[in-house]
Amino acid sequence: MAKRDGAPSKPRTGPPVTPDGRYFTVRGRLWRCSDPGLPPAERATLVRELMGARRAVGAAKRAADRPAEAEAHAAVDRAKRGLGERGPVWWDDGAPDLNRHMARNTPYAGWFTTLASEPRSGVDGPNESGAGAVAQGGPVSGPGE
């Protein structure tokens with residue numbers, strides 16, 4: 001596939017990210033991205049904590065240990081808040097938080113409809129209903145933990 005200027009374009013991988021970098025989309029729904037202003041070491045620590053907490057959720061579920069599961073979910077929430085994916089927004093221009101909104105019902109609707117014509121690798125843009133479809137099970141870690 002070639003860009004309009006004739007240069008070849010590479011297919012994107014992973015879920016599409018809004019032009020302002022605030023959200024990625026999975027099956028047409030917006031999910032808040034991590035704060036890009038986090039120092040790399042802090043981000044790495046928080047991601048490590050998030051992955052450990054997600055593993056702890058699974059282990060607690062398999063063991064049917066409700067108190068451990070509740071603590072593990074709380075640890076997931078703490079890590080996501082630290083990353084900026086939950087809680088107060090990390091941008092300061094007064095724009096509302098559209099986390100978990102359907103892209104087609106937000107100011108990103110125009111951008112989202114253009115995804116169907118762009119080359120993708122692993123993730124499709126909107127389908128006939130305006131919702132996106134994720135191929136091969138979607139991103140490595142789900143947005144809603």
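The table for this structure:
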| item | result |
| --- | --- |
| Computed magnitude of the charge dipole of region 38-84 (debye, nearest 20; Cβ of K, R +1, Cβ of D, E -1) | 140 debye |
| Segments 71-79, 87-95 sorted - mean Cβ within 10 Å per residue, highest first | 71-79, 87-95 |
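We did not get these values from a lab; they are worked out from the coordinates using the rules stated. Treat the numbers as computed from the prediction; the structure is a model and nothing was measured. So basically every Cβ, Gly included, is an ideal-geometry build from the backbone, and we count neighbours across all protein chains shown.
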